[in-house]
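Some notes on the structure that comes next.
The values are calculated or read from the model by the stated rules, or taken from the named source; none is laboratory data. On a predicted model such as this, the values are computed, not experimentally measured, just so you know. With ideal geometry, Cβ positions are generated from the backbone for all residues, glycine too; neighbour counts draw on all protein chains shown.
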Amino acid sequence: MTPSIAETMEYLRRSSPAQAEFYQAAEEVLGSLKSLLDREKRYEQHNIIHRIIEPERQIFFRVAWVDDRGCVQVNKGYRVEFNSALGPYKGGLRFHPNVTAGVVKFLGFEQIFKNALTGLQLGAAKGGANFDPKGKSDNEIMRFCQSFMNELFRHIGATIDVPAGDIGVSRREIGYLYGQYKRLTGRHEGTLTGKGLSWGGSRGRTEATGYGVVYFAENMLAERGETLAGKICTVSGAGKVSIYAVEKLYQMGAKPVTVSDSNGMIYDGRGIDLELLKRIKEVERGRLARYVEEHRGAVYTPVEDYPLGRNSVWSVPCQCAFPCATENELSDEDARTLLNGGCLCVCEGANMPSTQAAADAFLAAGIAYGPAKAANAGGVAASQLEMAQNASMLQWSFEEVDSRLKNIMQTIFRTASETAKEFGEPGNLVLGANIAGFRKVADAMIDQGVV
Ligand code: NDP
């Protein structure tokens, strides 16, 4: 680590205390930039590092709502508008009890480089609340979303800031949020993405992140003369990203054998039953444990039985692993287990799912390792396609969106791969993605002056 990066990290710890996830994300990006900063002095002259780690605006607000028993509940709401050098702020909303200012900042910071890598005109933001949608009635979800929007609407707009979904925010939540936005502003414009198809949504948006992760893996493997066909794959999570990663893996001829939720994991050696998974998670909004009621041959392992500090999904031998649940779900021990089991590709659907030590182990082993900010950028890319459709009041076919998504994922892979080569570390897509994303945003910031 160069002294200036060490000083920057020290400054972050002092000025933004208790934000461990944000420090982790910042250190990972800054650690990749040394050779670029040594080569291009203009970034230092314009103090870009200190400017880029500071969000342009942070909004923290109270979300008060009434539950079904008539009791008043209060949650914390957040929107961190991190960087608008490339376009309107763009990034999802997360509703999960673990959401804190540090989690939202880490996600918003990652979003800067991810959005830049798509090649689209997108700034970066992230938001959410420490609200747990699990176990809440539809009416409770609606009242919460309406209260959340009562503050958020002041800060967003189709060319200002365009939120989307993330953990705990799907089409249902986007619907309630959008309804309230429309009521408060009187505007029917594409201010949120992930909308329903009949009221401004884009075909292919639901599938985009999961499909995009698999397209990215296919690109990484192709460079090594391999394909996904016939590969045993492990997937964590059972949400929007995981379900459509499983679907695309089947279409590529691979065999996904695991999925998980926060209560436990399913191993199904015959391959995950996608139809049943969708029914349990999308229709019933149920728990994965139910999977074994219909598939007695599958194995359900509850989290209580996971080895200490480990995620059982990663103990299943596989050739390709797709962490698609949440941050830091794959530890260095998990990484060693995967590598010892012959894993040759790890492609991240979740944001920062591998700890720094796990990521270092993958890079040292020289396997195909697709870091989240490159591999899961398909979601935000398809959101931009939704914005483009809203702006022109047109709706494209699924095939049109999917084909654009496929091209975007290929371009992101090539950009990260070629940048890694340019800086003397071929195959290091972490370095390639960080430098390529940073360079694009930093150059735009320099062009636009000190603002
Ligand atoms: P969902 O809420 O649809 O699904 C999340 C899945 O991960 C659920 O199965 C959930 O289990 C599990 N999970 C969440 N938190 C934890 C935890 N702390 N421990 C164990 N399991 C957990 O979210 P998405 O699929 O949309 O998002 C998953 C990841 O992908 C996140 O990191 C998100 O930031 C990232 N991502 C999502 C994009 C999108 O377009 N949706 C775009 C880019 C990145 P349970 O139901 O039990 O909570």
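Tabulated results
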{"item": "Pairs where the first residue, in the stretch 93-112, is farther than 17 Å from residue 131 by Cβ and of a type in the set (Val, Ile, Thr) and the second is in a helix (DSSP H, G or I) and within 13 Å of the ligand (Cβ to nearest atom), C-beta under 9 Å, 6+ apart", "result": "112/373"}
{"item": "Hey, residue 353 modelled with pLDDT of 95 or more, within 13 Å of the ligand (Cβ to nearest atom), under 22 Å from residue 170 (Cβ atoms) and not aromatic (Phe, Trp, Tyr) or not", "result": "yes"}
{"item": "Breaking point among (1) among the small types (Gly, Ala, Ser); (2) farther than 22 Å from residue 311 by Cα; (3) in contact with a Leu (Cβ under 8 Å, 6 or more places away or on another chain), for residue 260", "result": "(2)"}
{"item": "Unique match (being away from the ligand (no atom under 16 Å from the Cβ) and either touching a residue at least 60 places away in the same chain (Cβ under 8 Å) or surrounded by 23 or more Cβ atoms within 10 Å (Cβ to Cβ) (or both)) among 383, 397, 403", "result": "397"}
{"item": "Any hit, the stretch 411-422, residues being among the charged types (D, E, K, R), under 26 Å from residue 248 (Cα atoms) and buried (at least 23 other Cβ atoms within 10 Å of the Cβ)", "result": "no"}
{"item": "Tally, over the stretch 189-225, of residues that are over 22 Å from residue 258 (Cα atoms) and modelled with pLDDT of 95 or more", "result": "20"}
{"item": "Total residues in the stretch 277-286, condition part of a loop (DSSP other than H, G, I, E, B) and buried (at least 16 other Cβ atoms within 10 Å of the Cβ)", "result": "0"}
{"item": "Residue list for the stretch 96-127, restricted to those being assigned to a loop (DSSP other than H, G, I, E, B) and β-branched (Val, Ile, Thr)", "result": "99, 100, 118"}
{"item": "Among (1) over 15 Å from residue 239 (Cβ atoms); (2) surrounded by 12 or more Cβ atoms within 10 Å (Cβ to Cβ); (3) more than 11 Å from the ligand (Cβ to nearest atom); (4) touching a residue at least 12 places away in the same chain (Cβ under 8 Å), the one test that residue 274 misses", "result": "(1)"}
{"item": "Positions within the stretch 158-177 being more than 13 Å from the ligand (Cβ to nearest atom) and either under 16 Å from residue 112 (Cα atoms) or touching a His at 6+ places or on another chain (Cβ under 6 Å) (or both), in sequence order", "result": "160, 161, 162"}
{"item": "Criterion violated by residue 2 - all others in (1) modelled with pLDDT of 95 or more; (2) touching a Leu at 6+ places or on another chain (Cβ under 9 Å) satisfied", "result": "(1)"}
{"item": "Residue ranges of helices (runs of 4 or more DSSP H) in the stretch 3-95 with at least 1 members surrounded by 19 or more Cβ atoms within 10 Å (Cβ to Cβ) and in contact with a Cys (Cβ under 8 Å, 6 or more places away or on another chain)", "result": "none"}
{"item": "Within the stretch 299-333, considering residues that are of a type in the set (Ser, Thr, Tyr) and part of a loop (DSSP other than H, G, I, E, B), the one farthest from the ligand (Cβ to nearest atom)", "result": "331"}
{"item": "Filter result (more than 15 Å from the ligand (Cβ to nearest atom), at pLDDT 95 or above and out of contact with any Phe, Trp or Tyr (no Cβ under 7 Å at 6 or more places or on another chain)) within the stretch 280-296", "result": "293, 294, 295"}
{"item": "Yes/no for residue 418 being charged (D, E, K, R), within 30 Å of residue 191 (Cβ to Cβ) and part of a helix (DSSP H, G or I)", "result": "no"}
{"item": "Strands (runs of 3 or more DSSP E) within the stretch 159-268 that include 2 or more residues among the β-branched types (Val, Ile, Thr) and surrounded by 19 or more Cβ atoms within 10 Å (Cβ to Cβ)", "result": "232-235, 258-261"}
{"item": "Matching residues, the stretch 262-271, being more than 10 Å from the ligand (Cβ to nearest atom) and touching a Ser or Thr at 6+ places or on another chain (Cβ under 9 Å)", "result": "266, 267, 268"}
{"item": "Answer residue from the stretch 104-127, given it is aliphatic (A, V, I, L, M) and crowded, with 24+ Cβ neighbours inside 10 Å and is farthest from residue 440 (Cα to Cα) among those", "result": "104"}
